[in-house]
Amino acid sequence: MESSLNIQKIVKPSFAVIGIEGSTDDGEGFIPMLWSDANAHFDEVSPVASRDENGALLGIWGAMSDETRSFLPWTDGFSHGLYLAGVECPIDAEAPDGWTKWVLPGYEYLVVRNDRADAFARAVEYLRESQMKLVGAVHDFTDPKTQQGYLYFPIRALEGDVAYGNE
């Protein structure tokens with residue numbers, strides 16, 4: 001199953017995402033509404049976005065957390081939690097008014113290409129079959145250079161690398 005899922009393992013130290021926050025309590029379709037709001041006001045956060053040496057954005061993130069903002073997986077069968085539609089930023093970046101900053105913990109991730117409707121369910125099944133434990137919330141990542149989407153499944157917390165919580 002691994003090859004059909006196109007899984008990679010990567011280590012990513014703690015990083016910040018500044019975006020528009022919402023909750024599953026906001027109702028059906030809340031995630032597309034968050035993205036619409038974030039995209040419409042991207043010019044407000046663009047100055048603090050992390051960029052590569054050529055000025056390209058490093059990452060667009062749909063960061064997720066349980067409702068305690070502890071970056072644990074969504075509860076109730078991955079159906080209840082918080083979502084932050086935003087852009088990767090330096091940890092010390094200031095969130096503009098109306099935006100929310102999360103500093104995500106560092107993890108080793110299984111990264112799965114999100115190019116099929118069942119990518120999430122198949123990756124959860126792969127984790128179970130491989131006896132790997134999900135140690136944090138799964139995040140959506142879009143590579144700004146290719147527009148390809150990926151799912152980041154945290155499987156190991158980095159020693160000494162903890163989240164700073166919500167600011």
Rounded to the nearest 20 debye, dipole of region 1-143 from Cβ charges on Lys, Arg, Asp, Glu
560
Among VAL87, GLY149, VAL11, which residue has its Cα positioned farthest towards the positive end of the charge dipole of the chain, with +1 placed on the Cβ of Lys and Arg, -1 on the Cβ of Asp and Glu, and the dipole taken about the Cα centre?
VAL11
Quick one: how many lysine pairs does the chain have with C-alpha atoms less than 21 Å apart and a gap of 8 or more or different chains? Give me the count, please.
5
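Sorting check: for 46-56, 108-118, which peptide has the highest mean count of neighbouring beta carbons within 10 Å, and how do the rest follow?
108-118, 46-56
At R0 = 45 Å, how high is the FRET efficiency between ALA157 and ALA117 if r is their beta carbon distance? Nearest 0.05 is fine.
Values: r = 30 Å, r/R0 = 0.66.
With R0 = 45 Å, the Cβ-Cβ based efficiency is 0.95.
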Can you give me the accessible area per residue for region 25-167, using a 1.4 Å probe, in Å²?
51
Förster radius 22 Å - calculated FRET efficiency between ASN6 and ALA56, Cβ distance, rounded to 0.05
0.45
Angle, helix 119-129 long axis vs. longest principal axis of the chain, Cα atoms, 0 to 90°, nearest 10?
50
When the accessible area of the chain is computed with all protein chains present and a 1.4 Å probe, what percentage of it is carbon and sulfur?
49
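The values are calculated or read from the model by the stated rules, or taken from the named source; none is laboratory data. The structure presented is a predicted model; accordingly, all values stated were derived computationally and were not measured. We place every Cβ from the backbone using ideal geometry, glycine too, and count neighbours over all the protein chains shown. The accessibility values were calculated without ligands, DNA or RNA, using every heavy atom of the protein model including side chains. Shrake-Rupley method; radii C 1.70, N 1.55, O 1.52, S 1.80 Å.
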